[in-house]
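First the structure, in the form of structure tokens, and then the observations on it.
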Amino acid sequence: MYATLRRKVLTMELAPGAPVSENELAAALGVSRTPVRESLILLAEEGLVQVFPKVGSFVSRVDPVRVADAQFIREAVELTALDDLPSVLDADVLAALHANLDQQDRAGIGLEEFFALDEEFHHGLLQLSGHGAAWATVSAAKGHLDRARRLGLGEASPPAVNAGQHRAILDAIVGGDVAAARAAMRTHLRAVFDDVERIRAQSPSLFASNDGSTPVRRNVVTWD
């Protein structure tokens, strides 16, 4: 249940600022209120849901501070992992990464399909350096970042651009140039920030103001 609701939040099926009702979610998912309530508590701990007494519960808006924190964690983990690449790369993991890139390069690939391949690619890079288990920690920390990335993975930052950055990273790794791999990885991981301010200007209601204000429920889809 938690994984289902978290996916709905991260994919924007439950949009930033949308009210969430235990009763409605339980009815829609065909479960009792208890697992829904427990899942919302976990999502609140991640900052993906906010509960306001006497007002209601809402999907949190994208928090730029949490986006920056998640970006810091990703850079710390993924750049450091590159320093631990073995002299002989695992052939099976390497083959999977190349196959992944071939899938990313397919014409007309959808956003969610690309996003899944992107996740697999970065997980694969950590596996290549012997730190595959660290991906679970990275994933748990980047809920707000993932939503910002989905907003940015569009016209301004299409999948083809990201796929090209991925290939540059892997080419540098295969070529034994760790410095080039680190530089390419840093550029790639920071690319999301190129679009965040533009997206905030266009759709400010999707982002947290960080002023501590309490939302006022006006109808079933918007809040201030």
Within the stretch 24-40, the residues that are outside any helix (DSSP H, G or I) and touching a helix residue (DSSP H, G or I) at 6+ places or on another chain (Cβ under 7 Å) are Ser32
Check your understanding: Do the conditions hold for Asp195, that is, is it charged (D, E, K, R), out of contact with any Pro (no Cβ under 9 Å at 6 or more places or on another chain), surrounded by 13 or more Cβ atoms within 10 Å (Cβ to Cβ) and modelled with pLDDT under 85?
Key -> yes
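For every residue, the table says whether it meets (1) in contact with an Asp or Glu (Cβ under 8 Å, 6 or more places away or on another chain); (2) more than 14 Å from His188 (Cβ to Cβ).
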{"position": "Ala91", "(1), (2)": "no, yes"}
{"position": "Ala95", "(1), (2)": "no, yes"}
{"position": "Asn100", "(1), (2)": "yes, yes"}
{"position": "His122", "(1), (2)": "yes, no"}
{"position": "Leu126", "(1), (2)": "yes, yes"}
{"position": "Lys142", "(1), (2)": "no, yes"}
All conditions in (1) charged (D, E, K, R); (2) in the same structural domain as Ala140 (by TED's automatic domain parsing); (3) touching a residue at least 60 places away in the same chain (Cβ under 8 Å) are true of Arg6 except (2)
Yes or no: Asp83 surrounded by fewer than 20 Cβ atoms within 10 Å (Cβ to Cβ), in contact (Cβ under 8 Å) with a residue 12 or more places away in the chain and out of contact with any strand residue (DSSP E or B) (no Cβ under 6 Å at 6 or more places or on another chain)?
yes
Subset of the stretch 93-152, residues in contact (Cβ under 8 Å) with a residue 12 or more places away in the chain, of a type in the set (Asp, Glu) and farther than 19 Å from Arg182 by Cα, comes to Asp105, Glu112, Asp146
Within the stretch 15-52, restricting to residues that are among the hydrophobic types (A, V, I, L, M, F, W, C) and under 15 Å from the mean Cα position of the chain (by Cα), the one that is surrounded by the fewest Cβ atoms within 10 Å (Cβ to Cβ) is Ala15
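The values are calculated or read from the model by the stated rules, or taken from the named source; none is laboratory data. The shown structure was predicted, so the numbers you read here are calculated from the model rather than taken from an experiment. Cβ: placed from backbone, ideal geometry, glycine included. Neighbour counts: every protein chain shown.
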